[in-house]
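Novice: Structure in structure tokens, see below.
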Amino acid sequence: MTTTKQLLTFEEYLTYSDDTDTCYELQDRELIPMTLGRGKHGAISELINDAFRAEIKRLKLDWVSKKGDIGVKIPQVGRGATSRVPDVAVVTQVQWRSILDISAVLTDSVPLLVVEVVSEGTVLIDHRRKRAEYNGIGIPEYWLVDFIANSPKVTVLKLVDGLYEGKSYRGDELLESDIFPELNLTASEILGAEG
């Protein structure tokens with residue numbers, strides 16, 4: 001049996017619907033269904049999103065944190081259109097309001113922070129491709145939660161002079177974030193999330 005890839009322009013992607021609840025990323029013009037992660041994947045995403053929301057509320061910031069609800073347009077040179085949907089994204093209220101009534105994909109700005117929780121099928125994409133893409137569009141901070149590795153860790157990548165510099169955290173090490181400098185969250189709390 002031969003299957004044909006469905007290739008879309010970015011504009012077609014923004015209005016695409018197959019009448020299911022499936023969420024898609026667009027990679028080089030190809031629709032990529034986002035599969036459900038392990039239960040642990042969801043628990044980690046939820047814990048981080050809840051921590052970000054609490055910190056936003058505590059500091060009375062004009063930001064929102066959303067779990068899997070915000071797409072990010074990735075301009076590609078020499079490749080087809082791409083849009084990513086991070087596991088967690090932090091954006092300003094202005095950004096959120098600008099996409100409420102449309103496709104929920106940021107096309108003219110970038111999030112303050114994105115988080116990807118690594119799944120077995122996304123290891124290379126999260127560690128390499130998304131890192132390069134998020135770096136290329138200038139997202140200030142990218143968290144990579146690798147709970148399936150031999151040595152589980154949380155890596156916080158910060159944009160410094162146009163390139164990501166990362167620091168990995170394990171155990172009871174307190175994560176250091178420029179976006180949330182007072183956040184009191186350890187690697188073990190994230191990696192031990194149970195929902």
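The values are calculated or read from the model by the stated rules, or taken from the named source; none is laboratory data. As the structure is a computational prediction, the values presented were derived from the model and not from experiment. Using ideal geometry, Cβ is built from the backbone for each residue, glycine included, and neighbour counts are taken over all protein chains shown. Just the protein is used for accessible areas: all its heavy atoms, side chains included, with ligands, DNA and RNA removed. Shrake-Rupley method; radii C 1.70, N 1.55, O 1.52, S 1.80 Å.
Novice: Having 3 or more residues that are open to solvent by less than 60 Å² (accessible area, probe 1.4 Å) and at pLDDT below 80 is the bar; report the strands (runs of 3 or more DSSP E) wholly within segment 25-81 that clear it.
Specialist: In segment 25-81, the matching strands (runs of 3 or more DSSP E) lie at 30-33.
Novice: Scanning for something more than 23 Å from residue 155 (Cα to Cα), open to solvent by 60 Å² or more (accessible area, probe 1.4 Å) and under 17 Å from the mean Cα position of the chain (by Cα), does segment 111-130 turn up at least one residue?
Specialist: No, that holds for no residue.
Novice: Taking segment 82-102 only, how many residues are open to solvent by less than 40 Å² (accessible area, probe 1.4 Å), under 20 Å from residue 16 (Cβ atoms) and not small (Gly, Ala, Ser)?
Specialist: 5
Novice: With the requirement that a residue be at pLDDT 95 or above, more than 13 Å from the chain's Cα centre (by Cα), open to solvent by less than 50 Å² (accessible area, probe 1.4 Å) and hydrophobic (A, V, I, L, M, F, W, C), what does segment 137-177 give you?
Specialist: 154, 175
Novice: If residue 134 passes every condition in (1) open to solvent by less than 40 Å² (accessible area, probe 1.4 Å); (2) closer than 22 Å to residue 76 by Cα; (3) at pLDDT 95 or above but one, which one does it miss?
Specialist: (3)
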